[in-house]
Structures are given as C-alpha cells and as structure tokens.
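J.: Here it is, the structure, as structure tokens.
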Amino acid sequence: MAHGRPGKAGHHDQLINTAWLGDQIESQFGLNPDLPQVGHIRLRYSHEGKDFGYALETAGGIVRALPYLSAVFWVVAGDVFAPDFKFSTQHKEAFASSDKLAHLWLVPNPAHNPAGDFGLSEEGLALNLPRPASRFTFSTFALYKKEFFDPAITGMPLGNPQGKAAPLAPLLRSAMDRGQVSASLYTGAWTDVGTPERLHELNQTNSANSKPTL
C-alpha cells in the first residue's frame, strides 16, 4: 500500500491491485484492517497474478478494477512513499466539477529520472512534451474519471475480462494532446521505492530523522 494514507483523509473504501506476492498482501491486511492513525478501512482486491498469471500494467489493472470504482477515483502506486501527501476532498470535488478527465501530481525530477515525464503549463495543464524538454516526474498520485478509460479509447471492455496488459502513459499522452489532463506540482517528501537500493536509502534517511519506515 502506498505510504500516503488515503484513509486518514476519509477515503475508507479502497481497492488494491496485486500481482507478485498478492496473496501475502491480502493475508497481511485482510478485508477490514484497523490501521494506526487511519482507522477502519474496507478493502477489495483485484488479484491480477491469481486471475491471469501476470500483471496487467497500470491501465490494464485500472480497467480490470473499474466496475468496483466510483465515478471519480484516486490512483497511486503501492511502492511510493509520500507521507505528507493529502488526499484532499476539495481537490476531488474541484476535479469532479471540471471538464478534465485526469488530474496528475508531478514532482521535481529524482536522480533516477532526470529527464522527467511531463510538462506543466502556467494554466495547470499537463503537457506531452518531448522527453528532453520534460520538466517534472509523474508521482503516480492522480485523480481520474471513469470516462478516461472508455472502451472506445482503451480498446478494453469494462472489467478487462481478457486480461489485456496495457500501460497508462500512452493514454495520458493522448489525453494531454486533447487538453483533457490537468496537473499540480507537489514538492513534499516523495520517493519511488522501485529498487532495494532506494528502499535501503529511504529507511536510512527515515531512521536518521526518527520517522516511520516502510
């Protein structure tokens, strides 16, 4: 689970997509965990590894879970550490009333992604810039409307019953070109814990600062 505590912000209905070691995740948290500083959470799981034998990538996994998600929903990668990120109800309501289909939070580029992913306009639009000109990294924190994953756009029917593996970036870039993706810059603590080395570095830093580790 991402270290950003959506439950602490009042989002107590959550869905976890799993692939590798998915059974261990469910056995650890169960269906109705009481988490410190968060409270009672209601969990549902989409076990991609158990159902298909492989991960469906981000877009494929979201479409697989789409029947269980609300009209507007948060998404974040499970290996991101951002303890101060706020899953703001105000942000969700403002996005829901906008004409955009996705809202991303971008972060300053980390050492492992110096070229960044997307640009950010003065008007708050995410930009599909050529990689050398990209300025910020996609944090994985985002709000989406179900319409973003319309079968006519994704090529996947609701629920992704065939188990198609599909990346998210091409869908985002196409939507950016249509002006359908807004963005904000997040400058709080953020780490993509994508390797054992980065996990070790994060734990060392948190230990030195006396903060909870993953």
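J.: Can Leu69 be described as of a type outside the set (Ser, Thr, Tyr) and modelled with pLDDT under 90?
T.: Working: of a type outside the set (Ser, Thr, Tyr): yes; modelled with pLDDT under 90: no.
So Leu69 fails the test.
Let's see how each residue does on (1) over 16 Å from the mean Cα position of the chain (by Cα); (2) at pLDDT 90 or above:
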{"position": "Gly7", "(1), (2)": "no, no"}
{"position": "Gly10", "(1), (2)": "yes, no"}
{"position": "Leu15", "(1), (2)": "no, yes"}
{"position": "Asn32", "(1), (2)": "yes, no"}
{"position": "Val38", "(1), (2)": "yes, no"}
{"position": "Ile41", "(1), (2)": "yes, no"}
{"position": "Tyr45", "(1), (2)": "no, yes"}
{"position": "Ile62", "(1), (2)": "no, yes"}
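J.: Can I ask one more? Residues to consider are Thr137, Thr154; find the one that is touching a Pro at 6+ places or on another chain (Cβ under 9 Å), under 24 Å from Gly60 (Cβ atoms) and at pLDDT 95 or above. Talk me through it step by step, then tell me what you get.
T.: Working: Thr154 fails: touching a Pro at 6+ places or on another chain (Cβ under 9 Å).
Residue meeting the stated conditions: Thr137.
J.: Those residues that are out of contact with any strand residue (DSSP E or B) (no Cβ under 9 Å at 6 or more places or on another chain), assigned to a loop (DSSP other than H, G, I, E, B), in contact (Cβ under 8 Å) with a residue 12 or more places away in the chain and over 25 Å from Ser88 (Cβ atoms), I need them from region 22-61; list them, please.
T.: Within region 22-61, Tyr54 is the sole residue that qualifies.
J.: Exactly one of (1) exposed (fewer than 12 other Cβ atoms within 10 Å of the Cβ); (2) touching a helix residue (DSSP H, G or I) at 6+ places or on another chain (Cβ under 6 Å) is unmet by Pro114. Its number?
T.: (2)
J.: Scan region 84-103 residue by residue and report those that are under 14 Å from the mean Cα position of the chain (by Cα) and in a loop (DSSP other than H, G, I, E, B).
T.: Phe85, Lys86, Phe87, listed by residue number.
J.: Right, here's the next one. Tell me whether region 135-145 contains one or more residues that are over 19 Å from Leu106 (Cβ atoms) and small (Gly, Ala, Ser).
T.: No, that holds for no residue.
J.: Looking at region 129-158, which of its residues are surrounded by fewer than 19 Cβ atoms within 10 Å (Cβ to Cβ), touching a helix residue (DSSP H, G or I) at 6+ places or on another chain (Cβ under 8 Å) and farther than 24 Å from Asp79 by Cα?
T.: Ile153, Pro157, Leu158
J.: Among the small types (Gly, Ala, Ser) and under 23 Å from Gly194 (Cβ atoms): does that describe Gly78? Give the derivation first.
T.: Values: among the small types (Gly, Ala, Ser): yes; under 23 Å from Gly194 (Cβ atoms): yes.
Answer is yes for this residue.
The values are calculated or read from the model by the stated rules, or taken from the named source; none is laboratory data. If you're wondering where the values come from, they're calculated on a predicted model, not measured in any experiment. Don't worry about glycine lacking a Cβ; one is built from the backbone with ideal geometry, like all the others, and counts go over all protein chains shown.
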